Amino acid sequence: MNHPVFRKATIADIDFIAEAIINAEKSGTTILPLCSIFEISEDELGTVLKNILMEETEGCEFSLSSFIVAEIEGKQAATVAGWIEGKNEMNLPSSIIKANLLNYFLPAFNINAASANSAAIADTLTERTAGTFQIEYVYVKPEYRGNALAVKTIKEHLKGLETGFKAEVQTFGNNITAIRSYEEAGFAITSVHTGKNKEALRFLPDLTKLLMTKTI
Amino acid sequence: MKDKYIREKLTAIFRQTLNQPELILKENLSSADISNWDSINHMQLIAKTEQEFRIKFSLKEIMRFRTVGDLVKLIDEKISDDQVSSLSS
């Protein structure tokens, strides 16, 4: 396989980025949290994500500018989102930017559904640390797997960070493939959080969330 | 009168949504100050605010909402004194 070429995502990548988000959300399972929490179909979610990405809002995992794309022979092969938490025009947490985007593009029915479902997942939600570099939505197209593209794309994000900078990634405990990729990229598990409410498994791939960190 | 109306209604919305019956809304109150002001409750705050004041925020406007003071300002920009009279009657 030829060496990957890395570049920032553009509007032309929106379909691929939406595909990446949907597949990464599943964490190797059949459960798609955004769909189950907001009671929306995968197709509808795809449309919403594309509309969100078109806005080119900065500062979260739904920001086009957060994504680096790896190309092999001119074709999209992998992508990873990365951003500095809280570094945006209004110094908003990424969770709030993401909430604003979803709130704007989803009908009231879906927002209300999420509110009704939120009690089950409340104790599995984990915050991101302000000022750290966040990695999210690591995705490699099936036909390009087995070439360490995930690791290479993550490292591409980390290249520009100063020595001493801290990077974080959150992943579900049952996503062994992702955990191995993060470990290869130099991340180590620094905390483990297991939710107590088994109802959450209706909406999430696992009850356990790992925080993995790396100091550049 | 408009400011008082906005703050009274917002206090009720925040107290109910965040399940904090004694919450006092200060100007610089933000999601960093309240543990269950999470992303889903944030969406409810916006949705209930829009419903209560019969307004719709643009995406650009809602991205200016970091604190309670920001939200009060956003609502103030979108409703007139006449609308307050109409909403409160």
Within the accessible area of chain B (1.4 Å probe), percent carbon and sulfur
45
Quick calc, segment A:111-216, dipole around Cα centre from Cβ unit charges on Lys, Arg (+) and Asp, Glu (-), nearest 20 debye, gives 140
Over the whole of B:30-42, what's the average partner chain Cβ count within 10 Å per residue? Rounded to a whole number, please.
6
Which order do A:212, A:1 take by accessible area at a 1.4 Å probe, largest first?
A:1, A:212
Leaving ligands, DNA and RNA out of it, work out the accessible area of residue A:57 with a 1.4 Å probe and give it in Å² to the nearest 10.
30
How would you classify chain A from its alpha-carbon gyration tensor, with a ≥ b ≥ c the square roots of the eigenvalues: rounded for a/c under 1.5, else prolate if a/b is greater than b/c, otherwise oblate?
rounded
Rg/Rg_ref, chain B, where Rg_ref = 2.2 N^0.38 Å and atoms are Cα:
1.02
Sorted by accessible area (1.4 Å probe), largest first, how do A:54, B:1, B:63 line up?
B:1, A:54, B:63
Area buried, chain B against chain A - accessible surface, total, 1.4 angstrom probe, square angstrom:
1800
Can you give the FRET efficiency for residue A:129 and residue B:4, using 1/(1 + (r/R0)^6), R0 = 35 Å, r = Cβ-Cβ distance, to the nearest 0.05?
0.35
Assign unit charges at the C-beta atoms only (+1 for Lys and Arg, -1 for Asp and Glu), then state the dipole size of chain A relative to its Cα centre in Debye, rounded to the nearest 20.
580
Shielding of A:88-94 by partners, i.e. mean partner chain Cβ atoms within 10 Å per residue?
4
For segment A:1-91, give the percent of accessible area contributed by carbon and sulfur heavy atoms, probe 1.4 Å, rounded to a whole number.
47
Loop-only check: which chymotrypsin sites (Phe, Trp or Tyr not before Pro) in segment A:154-216 are DSSP coil with at most 11 other Cβ within 10 angstrom?
none
Which of A:20, A:9, B:20 sits closest to the plus end of the dipole of the protein assembly as shown, meaning its Cα is farthest towards the positive end, when Lys and Arg get +1 and Asp and Glu get -1 on the C-beta?
B:20
Along the charge dipole of segment A:30-177, Cβ charges K/R +1 and D/E -1, which of A:131, A:144, A:86 sits furthest on the positive end?
A:144
With +1 at each Lys and Arg Cβ and -1 at each Asp and Glu Cβ, the charge dipole magnitude of chain B around its Cα centre, to the nearest 20 debye, comes out at 120
XL table A:87/B:73; A:8/A:50; B:4/B:48; A:8/B:78; A:152/B:60; Cα-Cα > 26 Å flagged, in table order, is A:8/B:78; A:152/B:60
Could you work out how much longer the chain between residue B:16 and residue B:35 gets when fully extended? Use 0.36 nm per residue separation minus the Cα distance between them, nm to one decimal.
5.4 nm
Per residue, what accessible area does segment A:1-105 have, given a 1.4 Å probe and all protein chains present, in Å²?
41
Mind ranking A:214, A:8 by accessible surface for me, highest first, 1.4 Å probe?
A:8, A:214
For residue B:59 and residue A:3, what does the FRET efficiency come to when R0 = 45 Å and r is the distance between their Cβ atoms, rounded to the nearest 0.05?
0.70
With every protein chain left in place and a probe of 1.4 Å, what is the accessible surface of residue B:52, to the nearest 10 Å²?
60
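The values are calculated or read from the model by the stated rules, or taken from the named source; none is laboratory data. It should be emphasised that the depicted structure is a prediction, and the values quoted were computed from it without experimental measurement. As a convention, Cβ positions derive from the backbone with ideal geometry for all residues, glycine included, and neighbour counts pool all protein chains shown. Surface areas here come from the heavy atoms of the whole protein model, side chains and all, with no ligands, DNA or RNA. Shrake-Rupley method; radii C 1.70, N 1.55, O 1.52, S 1.80 Å.
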